[in-house]
Every structure is written in structure tokens, then in C-alpha cells.
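Here, each number is a calculation from the coordinates, and none is a lab measurement. Since we're looking at a predicted model, the values are computed, not measured. All Cβ positions, glycine included, derive from the backbone under ideal geometry; neighbour counts span all protein chains shown.
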Amino acid sequence: MTPTNSATPTMKPSQPSIPDIKPRTPVVSFDREQFDSVNRVFAVEQVAPIVGMSPAFVRRVTGQADLLSPREVLMLLDQDAFRETYIPRSRILAFLQDDATRRTEQVVVVPNPETWDVRLGNALDLAAAIPMSSVQCVVTSTPYWGMRVYEDMQSVVWADGDVCPYGHEQTPEGFVRHTVEMLVAVSRVLTDDGSIWWNVMDTFMTRTQIRGNAAEALRAMQGKDAKRWHDHASRRYSAGHAFLKDGEQCLIPQMIAERASRAGLYVKTVITWAKRSSMPEPQNSRVSRNLEYVLHLAKQRAPKFFREPYLDTPAEFGGRNNGWETEKLSDVWTLNTSVGGKGHGAQFPVALPGRCIALTTEPGDFVLDPFVGSGTSGIAALHHQCRFIGIELSGEYVDISRRRLAALAASGADVARSAPALFDVEGSAS
Ligand SMILES: C[S@@+](CC[C@H](N)C(=O)[O-])C[C@H]1O[C@@H](n2cnc3c(N)ncnc32)[C@H](O)[C@@H]1O
């Protein structure tokens, strides 16, 4: 395997500084007259995920048409049932016209590695280069909205017209749109009976500095942050949103789940990851937060799914967390948080991707993590004898994940039988 770096056409060069987040909802309205001047038709399957309706409902509204005129698209946008997915209403016509040519300059095709491969680049571009229907399981933890500054952050050119690093959108809605655009891109490479497991946390609409990792944030809470407001690389403000008020919870995971469904995916379960430890929060007007979410999404009602590994896999690779979880595999997962220490500020524990992979793959299947960070999901995939593709925008994190995976692969181990001594799991000495 020779990992190669790839040019990514929808990325802007690195920015010298990361823009602050000012969640002022832009005032933009919908121009109906633009539909009068267009002479093209659009396939129902192309339009349905953009207007957030099933193809069957689109046909019901438009009278069974397979190809839709701009007037029929307008009729859909006027339905009570319309709700945005990843393109705002004012830009839908322009998007539909551009869609055919978008990202066609892609030159790299990610080959099927024998065991693993980690690629440097933007997840949107590289996901478009993976063969269709080749990945059995996507498992990832994305950047959360307005929470972290990562190494080598770069702006992405998004289909809704935004240009910003993922996670640094000006509004939660912008982040939700970009997330759904990512989900649509990765669902293209998913097999029909595959699963997507999407770990995401919510954000409170507050004024805050955006930091590099949880330890930095903790030091700040303890009053040990020597940096002043203006010394921080990126800051988030809270005023100016169309409806969210200062201090309110944004409900981002729920918005993503609903829009993923509108874009055509099945929302199988919204899982609560109850964390065994979490950051103290000096709040006197609300309870502390102790959870994250894992969205289990699929392309069909019954994806490949195995319950048994929950009971016979070691807890550190995703099996039942004895003492905390019962024999029933439920939608509340009580898992440790990562102890970190792998050069990345936002790792998840191996057990989390481990459980997702164990439940929805068989040995030899492909697992994809489009935001691979330090490579944790790759460690879990190799443990479960799957092949693995990771994508990551930061060269530093690519190096870290390649080193971790190469060390594991070089051990030549039957990874299912060797385990904690080889793997970077919590509590192991490695
Ligand atoms: C939450 S972290 C993932 C951590 C990982 N699960 C681990 O255990 O190390 C999200 C990662 O997404 C990367 N990232 C951000 N935008 C990206 C993009 N457009 N394409 C690919 N990776 C991106 C960040 O550099 C960061 O490493």
C-alpha cells in the first residue's frame, strides 16, 4: 500500500486565521421569477433529496412526472411539506442546474486497499472518488459546530454557496446543511445494506472562545487560561440568530437526523452515548450535559445487522460494558470517553466505532471514516478484520493515524486474538 496525497478541488488554501463565528442569520429571500427563465427539466430522483420529499410524494404532487420542469420544482417549494435539506430554498434552482457538473473534475480514484489506507484531503472530494456501493459501514465523529480548532484547518466550498471550514459555519443551520451534504456524499459509496454511524454533539448558543481540546477548555473553566478573548484563534458570539437566543440548546443532532431522512436515508436510531466522564460545566440555569449522540442511518429498512457481537466482543472493542450496560442492546450506550494522548484533541474511544462495526459488518467488509483524526476507527476496523479507508484534512493527523495503523498492521497479528497490548485502547499500556 502506498498512501498518496491528493489535490482537492473544492478546498481553499489554508487560512492565516480562522474567522470568528457570528451567528447572525442572513436576510435572503426567495425569488420566484428566476424560474421563468429556465428551460431545463430535472429528474425526480435528483430533485427529491433537495426538496426533502420522497420521490413518491414528489410524483403525487406533480402528477406522476419523471422529469420536472422549473414550474413543477416551484410547485414543490410551495408545498407545506417542503423543508430544507442541504440547499436553502433561494438557491435550489441554481444548485439543480449546476449539479451535473459539480465535482466532475475529480481525478483521484481511491483504490480498494487490501487492509487499510488513509488519504489526505477534503471528505467531500475524496468520498466522491470512492467507488459507488463499495463501503459496508461508515463510522465517524465529525467536527461539532463551533467547538474546536483543529490543526491545518481549511475552508471547504459547499453546495449551499458557503466557504468555511467544516464546523465553523456562521449558524447551526449552515452546519446542518453541510453535514447533510456530507451524508449524501458518503451514502453514494455505501452498499444497499450498509450502515452509517454518525457521532455528533449538540452546541449551546453561547459566547465562547473556540479551543483546541477539552483540556484547554477545562483549564479555562478553572480560571487558568492566561489568554484574553482577543488572543484566541477563533471566537463564537451568540447574537443575531433568527430565533435562537443566548444560552439556548441548538438541537443540531435532531435537525441532522430529520434532514437526513428528508434526503432519503432511513433514520434507524438516534443513540445516546452516555459518557462515563464529561467536562464539568459551571452552569446555574441548567443541568450539566453528559451525553453525545450517534445517529444510525441506512439506505434501506433492514441493513445488515448482528446482535451477537454485543455479548461476545471485549468491552474495549465495542462489546457490552459490564457493570454499566445490561444484556439488552439498547439505544443508550454507556461508554468511557477517550483518554486522548494520541496527538488529537477530540478522539472517540475505540469501543464506540468498535461497536458500530461489530453490529453491521462481517470480516473483509470495507469501513470508511471520512474524518479519521488520529485513526481510532481504523484501529477498531482492523480489530474486527475489516478493511479500512480513512480521510482527513490535516496532514499532521494523517501522519498520526498512518503511524498507528501501520504499527498495528506490521505486528502481523491476528488482531482478533492479540488485543489490548497492541491496541491504543484506554487502560492499555501501549
Ligand atoms: C472529531 S475529529 C475526529 C477524531 C477521530 N474520531 C479520532 O478518534 O481521532 C474530526 C476530524 O475531522 C477533520 N476534518 C475537518 N474537516 C474535514 C474535511 N472537510 N474533510 C476531512 N476531514 C476533516 C479534522 O481535522 C479532525 O481531525
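Of the residues Gln34, Leu93, Val44, the one whose Cα sits farthest towards the positive end of the charge dipole of the stretch 33-102 is Val44 (charges of +1 on Lys and Arg Cβ, -1 on Asp and Glu Cβ, taken about the Cα centre). Dipole check for the stretch 33-102: with +1 at the C-beta of Lys and Arg, -1 at the C-beta of Asp and Glu, and the Cα centre as origin, the magnitude is about 100 Debye. Specify which residue in the list Thr269, Val332, Cys164 is farthest towards the positive end of the charge dipole of the chain, using unit charges on the beta carbon of Lys, Arg (+1) and Asp, Glu (-1), about the Cα centre. The residue sitting most towards the positive pole is Val332. Who wins for biggest fluctuation among Gly247, Gly378, Gly174 in a Gaussian network model of the chain, springs between alpha carbons below 10 Å? Sorting by GNM fluctuation, first place goes to Gly247. The fewest-to-most ranking of Leu96, Leu67, Leu77 by surrounding Cβ atoms within 10 Å reads Leu67, Leu77, Leu96.
Can you find, among Leu382, Met153, Leu218, the residue farthest towards the positive end of the dipole of the chain? Put +1 on the C-beta of Lys and Arg, -1 on that of Asp and Glu. Most positive-ward Cα: Leu218.
Which of Lys268/Lys304; Lys304/Lys328; Lys275/Lys304; Lys22/Lys245 have a Cα-Cα distance over 22 Å?
Lys275/Lys304
When the dipole is taken about the Cα centre of the chain, and only Lys, Arg (+1) and Asp, Glu (-1) are charged at their Cβ, what size is it in debye, to the nearest 20?
On the way: 46 positive and 49 negative charges, 152 e Å.
Roughly 740 debye, rounded to the nearest 20.
Averaged over residues, the count of other Cβ atoms within 10 Å places the peptides 222-231, 33-42, 251-260, 384-393 in the sequence 384-393, 251-260, 33-42, 222-231, highest first.
Quick one: order Ser133, Ser17, Ser374 by neighbouring beta-carbon count within 10 Å, fewest to most. Kindly include the intermediate steps, with their values, before the conclusion.
Working: Ser133 15, Ser17 7, Ser374 28.
By the 10 Å Cβ count, ascending, the order reads Ser17, Ser133, Ser374.
Quick check: net charge around Tyr237, other residues with Cβ under 9 Å of its Cβ, Lys/Arg +1 and Asp/Glu -1? Provide the component values of the computation, followed by the final result.
Numbers: positive: Lys22, Arg24, Arg207, Arg235, Arg236; negative: Asp20.
In short, +4.
Count charges around Ala302 for me, please; just the other residues with Cβ under 14 Å from its Cβ, Lys/Arg as +1, Asp/Glu as -1. With Lys, Arg at +1 and Asp, Glu at -1, the net is +3.
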